[in-house]
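Everything below concerns the one structure shown next.
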Amino acid sequence: MKLRGSEIVVKALEDAGARFTFGIPGTHNIELYDALEDSAAVTPILVTDEQSASFMADGVSRTSPVIGVVNVVPGAGVTHCLSGVAEAFMDGIPLLVLTCGIRSDSGRAYQLHDIDQLALLRTITKGAFRPASAGEIYAMVRHAVDLARSGTPGPVAVEIPANFYMLTQEIDGFEYRSDAPGAPLPSSPDIEAAAALLNAARHPIIYIGVGAATAAMMLPALAERLGAPVATTIQGKGVFPESHPLWLWNMLGASAPEFVRDAFDACDAMLAIGCRFSEVGTGSYGFTPPANLVHADINRDVFNRNFPARVAIEADAEVFVADLLPRLSLRPRPDRLMGRIAEGHRDVLDDWEQHPSEDRVTPRAFFEACQRLAPDAIYATDSGNGTFLAMEQLRLDTPGRFIGPVDFSCMGYAVPGAIGAKFANPARDVIALAGDGALLMTGLELLTASRYGVVPVVCVLRDGELAQIAQFQRTAMNRDTCSVLPPYSVEGFARAVEAEYLLTARDADLDRVLTQALERARSGRAVMVEVAIDYSRKTYFTRGVVSTNFWRLPLGDRLRAIGRVVSRRLVRP
């Protein structure tokens, strides 16, 4: 049959279950956009910037089983989207990066947009491919989607030369047989060793990452059988239900409250599932697991990289937990432990309630109102203080409801990430938690949301500075540099992107304003809520990271750092 490459790509996307592509058309891929216009299954979404295209696609993949697709032109389209692709790569999020290439049939040099873009993409993808003929396109796109989802998920790029899109070519048909590797199965000796170690432990603890999401339904039974408290990584938030009496916190060690540190200090064995012990996920390596560490992950490369494991098991989390559970001895109900955990959570809550903000919005009050008024909402965070506040304040019971940039920590994620999540989950409330610095990067995407009637509630956490960095600077240096934002009007910004503007200046405003905002968004109208957030109180995460890194300094550097802070306080006008 004779088809244009653009028609082949659309067929491959449809058969792979894609529902949206995000990008901006250009001269090289207008044939693809024309073909997408005729698709009943895949909708092309026009964005304002390709970085947002990759964040939107990421939001689709994090909150649904649908593959997120970035659809960009050669050259600048690729370089603009790289930050979002790198975020997906480091956070383990499946994406299809569909880029166009220059013409491969002209024989000419110095073509428009001519760079080696696959060389750029290979460093931040699981694979980067270019078909040599139109007959390879269908299978290559399908393979890319399978590869993106297999093992540790991640982005995969396919570059299709522009001439393949434009010219009609003869192909044999649409045949594809998946060659993606299946999930590895744990070996019986490894499972037996893990079970023996955990059964012998007096006080085991469980540490869960987002890679354990496939086993989410079985994790409460696992914790109850072991009688073990459960902590998660930041990305793992919600993978274990946070209403469960054995749930501890989204962090361990120095970046967690005292009751969490006490529980961790008492443990003599750890079961870690679907995590990599990354820098952000451990609060700058602010804790060291016990020697009796059982580490299960689908990717063997993560074992023994930061902490040695007594038993390392390469397996999908669901298969691993199903194999492990019947081998574990049932322990008595840990009532005393659960009582201490409940008391610890009450103490954290009471501390917030006893110290409300006098003239701004108390973070605890804000997040409590969000959860009460939108109990099933998906939250998209950004890189900064708001992420760690949301992590510590929200209580989520299912995975896929807390999304944001973690290991690459790229600012500007919240608004486009939330829009992508809303495209994938149109019936659910989606709340973007955008810092006022991050809003300046990608807030224009509310134009995209308005155009398609797919709008999250955008809450602008307004404090006039890059709060996370400013807190680090003031703690370590007693001054801030280049972290205070130029003044701008959030109301004016909202007007520019055709969004309704609402202001919550104090705790008393929260219920009224958030109710209005949710009503507007549910009716398809863009809305931006300026939240005069009180960041005066540091998060556990911030305090822990500062403390951890300070005590790592050599003695002389610690003394110099203290001297600098003290001297600047003495001479401050």
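Just so you know, all these numbers are worked out from the coordinates, no wet-lab data involved. The shown structure was predicted, so the numbers you read here are calculated from the model rather than taken from an experiment. Ideal geometry is used to build each Cβ from the backbone, glycine not excepted, and the neighbour counts take in all protein chains shown.
Points to keep in mind about this one:
- Among the listed pairs 126/237; 237/422; 11/237, those beyond 27 Å (Cα-Cα): 11/237
- Couplings for segment 149-162, taken from phi via the Karplus curve 6.51 cos²θ - 1.76 cosθ + 1.60 with θ = phi - 60°, read 8, 7, x, 6, x, x, x, 9, 10, 10, 9, 10, x, 4 Hz in order; Gly and Pro are left as x.
- Exposure proxy ranking, count of Cβ atoms within 10 Å, fewest first, for 459, 100: 459, 100
- Between helix 5-15 and the chain there is an angle of about 40 degrees, using the helix long axis and the longest principal axis of the Cα atoms.
- Gyration tensor (alpha-carbon) shape descriptor, segment 355-541, a/c threshold 1.5: rounded
- Inverse mean reciprocal Cα-Cα distance (Kirkwood Rh) of the chain, Å: 25.1
- Taken one residue at a time, the phi angles of segment 302-309 give Karplus couplings (6.51, -1.76, 1.60, θ = phi - 60°) of 7, 5, 6, 7, 10, 9, x, 9 Hz. Gly and Pro are set to x.
- Cβ-based exposure ranking for 167, 485, in which fewest neighbours within 10 Å come first: 167, 485
- Here the residues 540, 110, 413, ranked from fewest to most Cβ neighbours within 10 Å of their Cβ, fall in the order 110, 540, 413.
- Computed Kirkwood radius, in angstrom, where 1/r is averaged over Cα pairs of segment 2-170: 15.3
- Relative contact order %, segment 1-116, counting alpha carbon pairs below 8 Å whose residues are six or more apart: 25
- Mean Cβ neighbour count within 10 Å, used as a protection proxy, ranking 54-62, 245-253, 545-553 highest first: 54-62, 245-253, 545-553
- In degrees, nearest ten, helix 414-424 long axis to first principal axis of the chain (Cα): 60
- Cα gyration tensor category, rounded, prolate or oblate, for segment 188-339 with a/c compared to 1.5: rounded
- Estimated vicinal HN-Hα couplings, Hz - segment 175-185 in sequence order (Karplus 6.51, -1.76, 1.60; Gly, Pro = x): 10, 7, 10, 4, 10, 5, x, x, 5, x, 9
- For residue 313, distant residues with modelled amide H under 5 Å away: 295, 296, 297
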